[in-house]
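The values are calculated or read from the model by the stated rules, or taken from the named source; none is laboratory data. Nothing here was measured: the structure is a model prediction, and the numbers come from that model. No Cβ is skipped: glycine too gets one built from the backbone with ideal geometry, and neighbour counts run over all protein chains shown.
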Amino acid sequence: MRKLIFVVFVLCCIVTNAQTGTIKGQITDKQSESPLPGATIELLSEAEPIGVVTDYDGYFRLEDIPVGRQTIRVSFIGFETITMPNIIVTSGKDAVVNVSLIESFAQLDEVIITNKNAKAKAINKLASVSARQFGVEEVTRFSGGRSDVGRLAANFAGVSSPDDSRNDIVIRGNSPTGLLWRLEGVPIPSPNHFSTAGTTGGPVSALNPNLLKNSDFITSAFPSEYGNAIGGVFDLGLRKGNMDDYEFTAQASAFTGLEAMAEGPLGKNRGSFLVAGRYSLISLVGGGGGGTSAVPNYSDLSFNVDFGNGKLGNFSLFGILGNSDIEFLGDDIEEDDIFAAEDENAFVESGFGVVGLKHQISISENSFLRTIISGSLSTNTYEEDRFIEKNTPEQRIIRYKESDNNETRFTFSTMFNSKLSKKSTLRTGVLIGNYGVELEDRDRDKQEDNDGDGDPDLVVFRDIDENLSIIEPYIQGQFRLTEKLTLNAGIHGQYSTLNEQFVIEPRAGLNYKMGNHQLSIGYGLHHQPVPLPLLFLNENVNGELLQTNKDLDFVRSNHYVLGYDVKISDGWRGKIEVYYQDIDNAGVEPFPSSYSTLTEGADFSFDNDRVSLVNEGTGFNQGVELTLEKFFSKGYYGLVTASFFESKYEGSDGIERNTPFNNGQVINFLAGKEVKVGKEKKNALLFDTRLTFSGGRYFTPVNLESSQQAGFEVLQEDIAFSEQYDDYFRWDVKFGYKINSKSKKQSHQFYVDLQNVTNKTNVFERRYNRVTNQIDQVDQTGFFPDFGYKFQF
């Protein structure tokens with residue numbers, strides 16, 4: 001540790017005030033995505049304007065630009081002029097700015113757009129409502145975010161994630177299993193370390209934000225190209241490496257670990273490579289984190305190799321590979337451990353991987369074809385040994401649980417995009433996903449001792465090797481009906497080879513602009529199978545194990561959204577959205593009970609005794625969301641989001657109940673300030689803070705007497721989700737310092753992130769403790785200091 005401090009001190013001493021950097025990028029037509037040669041780019045931040053024009057492929061380069069936040073203006077004849085502020089120029093890395101222009105509705109009119117509210121709009125031009133984009137700066141800047149895109153999303157309106165131990169995303173009261181993760185245009189499994197089959201979250205993200213480009217997050221009524229989800233969409237893209245120069249990054253952080261990244265030019269056709277590897281710092285220095293005293297080990301490798309533009313089009317190879325493991329040893333576990341118990345030894349391993357090949361070729365001046373072939377893998381194993389009569393002469397250990405789950409995906413996606421005119425764009429395609437599922441689960445929990453050995457039997461709940469395909473054709477278009485009125489509409493289809501069900505899903509969105517005001521309305525029909533661990537659950541029928549949930553139909557969801565967006569003043573934006581989501585066809589038991597598949601997916605496991613389910617469950621989510629946002633300008637930013645919602649469901653008993661995701665309200669306040677320092681005011685002090693308040697989660701109370709008699713937790717399912725934990729509150733504060741080198745292409749950044757500074761003891765859960773034979777409360781993570789250092793050169 002002393003050596004590390006010494007190295008950091010030396011780095012600080014060798015840098016002084018910054019001088020210049022580079023802004024570069026590509027200018028394209030937003031509708032056709034084709035390059036715009038001859039577009040003009042002007043630097044507006046300096047007294048004497050600096051300007052360049054794009055080359056044949058739409059690329060530009062502005063050199064010797066003073067470091068700090070700069071503003072450029074992009075113009076092209078016949079297109080709306082756009083102004084891009086807050087471009088961060090450093091001495092250690094080129095600033096890459098890719099801008100899409102839209103053709104002017106009226107050819108003779110001059111339209112100038114100040115893009116200070118750019119993040120309020122999705123990158124996907126066909127997303128009408130409930131969508132916004134985010135970038136790497138936000139992921140790494142917000143306090144308490146742990147450089148995790150999932151935790152970043154928790155700050156947006158409509159999203160709830162009051163769990164310090166996992167990054168599951170609850171969108172408008174939906175289960176996290178309703179979320180679709182996409183990378184480079186193809187669906188992927190949960191991109192998290194320590195994830196388990198069927199879930200979409202985990203304790204640590206495997207996504208490296210330093211490789212991400214601006215991406216979309218959509219919470220409702222998403223466009224027709226997205227399917228197999230009812231909650232929301234994370235549509236992520238990887239940026240290209242530097243096409244002109246070699247650049248390197250070294251980074252250290254308590255949560256993301258040690259990182260090394262390299263990028264640079266490749267070949268003669270403007271190709272590039274980008275590769276980064278990370279390894280957990282906690283496993284090197286020792287100690288637990290995130291609610292456990294056990295030491296987690298995790299690492300990941302991410303890459304994006306672009307082979308440039310050739311006669312056959314553009315090819316790129318991308319991928320993420322990650323693995324993780326942790327051991328929970330009962331003798332080393334503390335009483336308040338979130339994930340383990342004192343009378344157990346548990347061993348966890350997981351893996352995640354996705355590799356894809358993307359090809360794009362121009363069919364004409366205004367049309368292109370994009371095709372992606374990818375393979376992905378998600379694995380997790382869990383072994384649990386339990387002490388019987390621990391710390392007595394009769395102590396023994398038995399294998400209590402074990403699981404070995406693997407999911408492989410092979411995906412083919414092709415999409416044709418054509419700009420028919422300046423007023424209309426057509427997009428059509430198909431996505432074919434083949435899923436190979438191997439699930440093996442054995443468990444003694446809540447079982448009888450039928451073999452007479454004195455222990456509950458180790459029962460097989462899942463032992464399957466299945467294969468299914470989901471085929472998703474779609475067609476959609478954007479129609480600029482007038483200069484103020486835009487219609488996005490399309491149809492998505494979904495077919496499963498498992499039960500041969502085919503559904504058609506209409507989607508539509510309408511935007512009406514009135515100066516600084518915009519009114520939006522959206523509708524979408526969406527379908528999704530129940531989670532695979534439930535779909536392939538075994539039931540013992542007359543001594544034979546059968547998958548009695550296998551023929552369940554898709555869960556169906558209708559989304560209705562009304563939104564109003566206003567530009568309050570320069571850099572300020574306000575937004576309100578009202579929504580209603582009607583859900584049916586959820587899986588419920590064939591006899592009167594409180595169970596529904598809509599309540600699954602909030603932790604690492606699924607119920608293993610919910611068999612012979614039928615598609616008769618219903619539910620609804622409704623609410624209102626408020627956003628007040630000050631985009632970064634004049635050295636500061638601010639964001640206030642407030643969501644007030646209701647999430648209900650009905651099981652087969654017909655009683656309306658709260659879902660476990662019905663927090664009722666979520667309020668976030670974020671703010672940050674950047675102060676220029678140094679002789680030439682080129683370095684910066686950074687300050688960020690975040691306050692989060694949320695209603696507590698609903699839970700099913702434990703029947704203590706029955707649990708004591710049975711020796712395992714028994715819940716009062718007749719009053720399921722009738723009690724609510726205390727409200728959640730957390731305050732995070734982050735300090736940073738950014739330094740630019742005077743004579744070399746180098747920059748440094750330091751930060752300290754003080755998470756939960758008030759040490760608020762938010763409730764994790766109340767659960768039956770076999771050791772104490774009582775109901776114990778387990779709290780979430782208290783005060784935790786994170787830190788980070790980044791060196792770019």
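Just one of the listed residues (Lys390, Lys422) is touching a helix residue (DSSP H, G or I) at 6+ places or on another chain (Cβ under 8 Å), at pLDDT below 95 and not acidic (Asp, Glu), and it is Lys390. On the stretch given as region 55-103, residues that are of a type in the set (S, T, N, Q), touching a Ser or Thr at 6+ places or on another chain (Cβ under 6 Å) and touching a residue at least 40 places away in the same chain (Cβ under 8 Å) total 4. Scanning region 765-787 for residues that are within 24 Å of Ala254 (Cβ to Cβ) and either surrounded by 20 or more Cβ atoms within 10 Å (Cβ to Cβ) or free of Cβ contacts under 8 Å to residues at least 12 places away in the same chain (or both) turns up Gln780, Thr781, Phe784, Asp786. Yes or no: region 715-724 includes at least one residue that is touching a strand residue (DSSP E or B) at 6+ places or on another chain (Cβ under 9 Å) and closer than 29 Å to Ala671 by Cα. Within region 715-724, not a single residue is touching a strand residue (DSSP E or B) at 6+ places or on another chain (Cβ under 9 Å) and closer than 29 Å to Ala671 by Cα.
Every residue, every condition in (1) within 22 Å of Asp57 (Cβ to Cβ); (2) under 23 Å from the mean Cα position of the chain (by Cα), yes or no:
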site: Arg278; (1), (2): no, yes
site: Asn297; (1), (2): no, yes
site: Asp306; (1), (2): yes, no
site: Asn314; (1), (2): yes, no
site: Asp325; (1), (2): no, yes
site: Val355; (1), (2): no, yes
site: Lys358; (1), (2): yes, yes
site: Thr371; (1), (2): yes, no
site: Ser374; (1), (2): no, yes
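Taking region 318-337 as the range and being in contact (Cβ under 8 Å) with a residue 60 or more places away in the chain, farther than 15 Å from Val186 by Cα and either buried (at least 19 other Cβ atoms within 10 Å of the Cβ) or of a type in the set (Lys, Arg) (or both) as the test, the residues that pass are Gly322, Ser324, Ile326, Gly330.
Inside region 178-199, residues that are part of a loop (DSSP other than H, G, I, E, B) and hydrophobic (A, V, I, L, M, F, W, C) make up a count of 3. Every test in (1) surrounded by 21 or more Cβ atoms within 10 Å (Cβ to Cβ); (2) farther than 30 Å from Val588 by Cβ; (3) out of contact with any Leu (no Cβ under 9 Å at 6 or more places or on another chain) is passed by Pro660 save one, and that test is (2). Is it the case that region 56-69 has a residue that's in a loop (DSSP other than H, G, I, E, B), farther than 30 Å from Asn488 by Cα, assigned by TED's automatic domain parsing to the domain that holds Val97 and in contact with a strand residue (DSSP E or B) (Cβ under 8 Å, 6 or more places away or on another chain)? Checking region 56-69: at least one residue is in a loop (DSSP other than H, G, I, E, B), farther than 30 Å from Asn488 by Cα, assigned by TED's automatic domain parsing to the domain that holds Val97 and in contact with a strand residue (DSSP E or B) (Cβ under 8 Å, 6 or more places away or on another chain).
Are there any pairs with C-beta distances below 6 angstrom linking a residue in region 688-705 that is among the polar types (S, T, N, Q) to a residue that is surrounded by 17 or more Cβ atoms within 10 Å (Cβ to Cβ) and in a loop (DSSP other than H, G, I, E, B), with the two at least 6 apart or on different chains, and if so which? Pairs found: Thr689/Ser143; Ser694/Pro162; Ser694/Asn663; Thr700/Ala720; Thr700/Phe721; Asn703/Val714. Here Glu138 passes the criteria (1) more than 12 Å from the chain's Cα centre (by Cα); (2) in the same structural domain as Ile504 (by TED's automatic domain parsing); (3) not in a loop (DSSP other than H, G, I, E, B) except the one numbered (2). Kindly indicate whether Lys93 is under 26 Å from Glu48 (Cβ atoms), modelled with pLDDT under 90 and crowded, with 21+ Cβ neighbours inside 10 Å. For Lys93, the condition - under 26 Å from Glu48 (Cβ atoms), modelled with pLDDT under 90 and crowded, with 21+ Cβ neighbours inside 10 Å - is not met. Among the candidates Ile568, Ile576, Ile583, the residue that is β-branched (Val, Ile, Thr), part of a strand (DSSP E or B) and buried (at least 22 other Cβ atoms within 10 Å of the Cβ) is uniquely Ile583. Taken together, the criteria place Asp445 among residues that are assigned to a loop (DSSP other than H, G, I, E, B) and modelled with pLDDT under 95.
In region 220-241, the residue that is nearest to Gln755 (Cα to Cα) out of those that are polar (S, T, N, Q) and at pLDDT 95 or above is Asn228.
Listed conditions (1) under 30 Å from Ala586 (Cα atoms); (2) part of a loop (DSSP other than H, G, I, E, B) are all met by Asn242, apart from (1). Just one residue in the set Asp245, Asp306 is crowded, with 21+ Cβ neighbours inside 10 Å and of a type in the set (Asp, Glu); that residue is Asp306.
Of the set (1) under 24 Å from Gly522 (Cβ atoms); (2) of a type in the set (A, V, I, L, M); (3) not assigned by TED's automatic domain parsing to the domain that holds Phe606, all apply to Val170 but (3). Test Asp653 against the criterion of being farther than 23 Å from Ser130 by Cα, in contact with a Pro (Cβ under 7 Å, 6 or more places away or on another chain) and modelled with pLDDT of 95 or more, and give yes or no. When the stated conditions are applied, Asp653 passes them. Residue count for region 135-160, restricted to those that are closer than 16 Å to Leu179 by Cβ and at pLDDT below 85: 0. Residues in region 695-738 that are surrounded by 15 or more Cβ atoms within 10 Å (Cβ to Cβ), of a type in the set (Ser, Thr, Tyr) and in a helix (DSSP H, G or I): Ser707 alone. Every condition in (1) surrounded by fewer than 18 Cβ atoms within 10 Å (Cβ to Cβ); (2) on the phi > 0 side of the Ramachandran plot; (3) modelled with pLDDT under 90 holds for Gly291 except the one numbered (1).
Within region 534-555, can one find any residue that is assigned to a strand (DSSP E or B), at pLDDT 95 or above, over 30 Å from Thr379 (Cβ atoms) and touching a strand residue (DSSP E or B) at 6+ places or on another chain (Cβ under 6 Å)? No, because not a single residue in region 534-555 is assigned to a strand (DSSP E or B), at pLDDT 95 or above, over 30 Å from Thr379 (Cβ atoms) and touching a strand residue (DSSP E or B) at 6+ places or on another chain (Cβ under 6 Å). The condition of being in a loop (DSSP other than H, G, I, E, B) and over 21 Å from Ile432 (Cα atoms) holds for only one of Gly202, Gly227, that being Gly202. Being of a type in the set (Lys, Arg) and more than 24 Å from Gly201 (Cβ to Cβ): is that true of Lys630 here? Considered against the rule, which asks whether it is of a type in the set (Lys, Arg) and more than 24 Å from Gly201 (Cβ to Cβ), Lys630 comes out as yes.
Pairing each residue of region 611-622 that is surrounded by fewer than 19 Cβ atoms within 10 Å (Cβ to Cβ) with any residue that is part of a loop (DSSP other than H, G, I, E, B), provided the two are 6+ apart or on different chains, yields C-beta distances under 7 Å for Ser612/Thr548; Ser612/Pro590; Val614/Pro590; Asn615/Leu552; Asn615/Asp553; Glu616/Ser652. Considering region 744-793, the residues that are among the basic types (Lys, Arg) and part of a strand (DSSP E or B) include one that is modelled with the highest pLDDT, namely Lys790.
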